[in-house]
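Nothing in this text is a laboratory measurement; each read-out follows from the coordinates by a stated rule. Since the structure is predicted, the reported quantities are computational estimates derived from the model, not experimental observations. Reconstructed Cβ throughout: ideal geometry from the backbone, glycine too, with neighbour counts over all protein chains shown.
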Amino acid sequence: MNSNGYDSGLGDFGAAGAGLLGCYFVFILAVVVFLIWLYWRILTKAGYSGWLSLLNLVPFGSLVLMLMLAFGNWPVLQDRGGAGPRYPAAPVPQQPYPPAAPTYQPPMPPAPPTFPTSGDEPPAPPYA
């Protein structure tokens, strides 16, 4: 309570609290103005009217704008003849990338050793 018996309701921090509250509102106003400007730029580049950015002032308006930009057909793309890519597609390679790995073929077992023989005698065992 101040000297004239009037209670401002702000307690001991009357002027400081009012100043901080004012700074808070100025900050929020600056954020809202920046958001509207940002959406204005995005919407005009997509081919929509910039006035749609005022939907940010309506509850859930930002959500509507994001869904419209994400899933809608942009007028700027329809003016170019379709919603295709901005640049032409890269040529498709003739063989798939990465190239297919060669099929695995196990190595052939070594041939059994041969020993010189003289006539009709059987070859000697290799480990006699």
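Each residue of the stretch 30-36 was assigned a 3J(HN,Hα) from its phi angle through the Karplus curve 6.51 cos²θ - 1.76 cosθ + 1.60 (θ = phi - 60°); the sequence is 5, 5, 5, 5, 5, 5, 5 Hz, with glycine and proline shown as x.
Computing Rg and the Kirkwood Rh from the Cα coordinates of the stretch 11-79 gives a ratio, Rg/Rh, of 1.24. Counting beta carbons within 10 Å around each of Tyr48, Tyr24 and listing the fewest first gives the order Tyr24, Tyr48.
The length gained by stretching the chain between Val26 and Thr44 to full extension, at 0.36 nm per residue less their Cα-Cα distance, is 3.8 nm.
Each residue of the stretch 55-68 is assigned a 3J(HN,Hα), and the resulting list reads 5, 5, 7, 8, x, 6, x, 5, 5, 4, 5, 5, 5, 5 Hz, derived from the Karplus form 6.51 cos²θ - 1.76 cosθ + 1.60 (θ = phi - 60°), x at Gly and Pro. Model label points for Ala15 and Gln105, set 7 angstrom from Cα along the Cα-to-Cβ axis, are 9.6 nm apart.
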